[in-house]
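Below is one structure, written out as structure tokens, with a few remarks after it.
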Amino acid sequence: MRRTQVRAKPSAATSDAPDVVFGFDMETDIGSFTPFYEGVRHGTPHLLDLLDRHGIRATFFWTGHAAENNPDMVRQVRDAGHEIGCHSLYHETVGDPLFPLPNNWPILPSEVEGRLRVATQLVKKTSGVRPVSFRCPRLWGSTQVVRVLEKLGYVADASFPLYYFRKPFVPYHPAAKDWTKPGRMRIVEIPNFCDLSMESRDPYQRDRDQWPVYRTHSAEFLMEKADGFISYVRARGQRPLLCFYLHPWEFHPMPRGALDFGESSVKPLPFIVKNCGPKAVQQLDRVCSLLKARGARFLTAQEVAAETPRGKA
């Protein structure tokens, strides 16, 4: 039984050191490629130990299905002092797709509210905590999603894919008519950082993104991207916030070959599963140390929302 961890609330920002949100998307192994939860069951304990060693509180975004099928792990995460968030009902496209994926159509607009409501209820029932922070699978959000989230009482949405939109690059209250622009909604949108200082060679600008380079390259390679973002934001007179998106399956070895499902097989590209397991744990541990050396202040998504005034962008 994991001992409940009680950590002090982060102090107010007093320097230009970055703020950091670690967000873990609690979903099936390899995203939508499998129906299995080996990562949730075996990777999450490594994350809890690592975060405990560094004294870091994180936000764990659970799909309703993952929570319902892993109740003991949900409670372990909660009892370790981390925020319990929501990641939709299944690992599905609830917002606007950014690039094509085969056989992965968005759910119907008429389904969004019902599915997010059920997901919220499942996470609350399993954890005993009503989630107030959300993240869309793949960071594929939408204006409709944030409007539904606000209706359901959420205060933070960490879905914004900065590599694709490039701005706003600090937490903001979105506009009710366009979630990618600052406005006056109560909910706070938290961008997931990327290297805005580099020149992109990808049509969707995915080479700017943070994931999954900490394990496919190194912690130092990831921090080069983080430092590029930090410098970019500081040069524009803003305090940088590094919001990470990671997954428990990255911290447990994943199959490298084709996945057989009877009528078909699926083979993820090598980078998707490269170095999952001990190497990923080692490199994330190094990332934590490098962030602490930069004076980082670690927050949950809910804490970021509480600190973000209306009109900030």
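Taken together, the values in this text are just the output of simple stated rules run on the coordinates, not laboratory data. What you are looking at is a predicted structure, and each value in this text was computed from that prediction instead of being measured. Note that we place each Cβ from the backbone using ideal geometry, even for glycine, and neighbour counts take in every protein chain shown.
Key figures for this structure:
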read-out: Residue, farthest from residue 218 (Cα to Cα), within the stretch 287-303, restricted to residues that are of a type in the set (D, E, K, R) and assigned to a helix (DSSP H, G or I); value: 303
read-out: All positions within the stretch 105-143 that are surrounded by fewer than 16 Cβ atoms within 10 Å (Cβ to Cβ) and over 23 Å from residue 74 (Cβ atoms); value: 105, 106, 108, 109, 110, 111
read-out: Those residues of the stretch 130-141 which are touching a helix residue (DSSP H, G or I) at 6+ places or on another chain (Cβ under 7 Å) and within 18 Å of residue 22 (Cβ to Cβ), in sequence order; value: 131, 132, 133, 134, 136
read-out: Filter result for the condition that a residue is farther than 30 Å from residue 69 by Cβ and within 19 Å of the chain's Cα centre (by Cα), over 168, 137; value: 168
read-out: Subset of the stretch 55-74 [surrounded by fewer than 18 Cβ atoms within 10 Å (Cβ to Cβ), in contact (Cβ under 8 Å) with a residue 24 or more places away in the chain and under 21 Å from residue 39 (Cβ atoms)]; value: 68, 69, 71
read-out: Considering residues of the stretch 208-231 that are in contact with a strand residue (DSSP E or B) (Cβ under 9 Å, 6 or more places away or on another chain) and of a type in the set (Lys, Arg) only, the residue farthest from residue 196 (Cα to Cα); value: 225
read-out: Subset of the stretch 75-100 that is within 21 Å of residue 206 (Cβ to Cβ) and among the hydrophobic types (A, V, I, L, M, F, W, C) - its residue that is surrounded by the fewest Cβ atoms within 10 Å (Cβ to Cβ); value: 99
read-out: Candidates 220, 189 - the one that is surrounded by 23 or more Cβ atoms within 10 Å (Cβ to Cβ) and closer than 30 Å to residue 289 by Cβ; value: 189
read-out: Residue satisfying condition, being basic (Lys, Arg) and over 29 Å from residue 100 (Cβ atoms), within set 292, 225, 267; value: 292
read-out: Search result, residues across the stretch 256-276 that are in contact (Cβ under 8 Å) with a residue 40 or more places away in the chain and part of a loop (DSSP other than H, G, I, E, B); value: 268, 274, 275, 276
read-out: The stretch 256-295, subset under 23 Å from residue 19 (Cβ atoms) and surrounded by fewer than 20 Cβ atoms within 10 Å (Cβ to Cβ), residue nearest to the chain's Cα centre (by Cα); value: 285
read-out: All positions within the stretch 225-237 that are crowded, with 16+ Cβ neighbours inside 10 Å and out of contact with any Ser or Thr (no Cβ under 6 Å at 6 or more places or on another chain); value: 225, 226, 227, 229, 230, 233
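Condition check ((1) under 30 Å from residue 48 (Cα atoms); (2) among the hydroxyl-bearing types (Ser, Thr, Tyr)) across all residues:
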site: 226; (1), (2): yes, no
site: 230; (1), (2): yes, no
site: 233; (1), (2): no, no
site: 240; (1), (2): yes, no
site: 244; (1), (2): yes, no
site: 248; (1), (2): yes, no
site: 264; (1), (2): no, yes
site: 269; (1), (2): yes, no
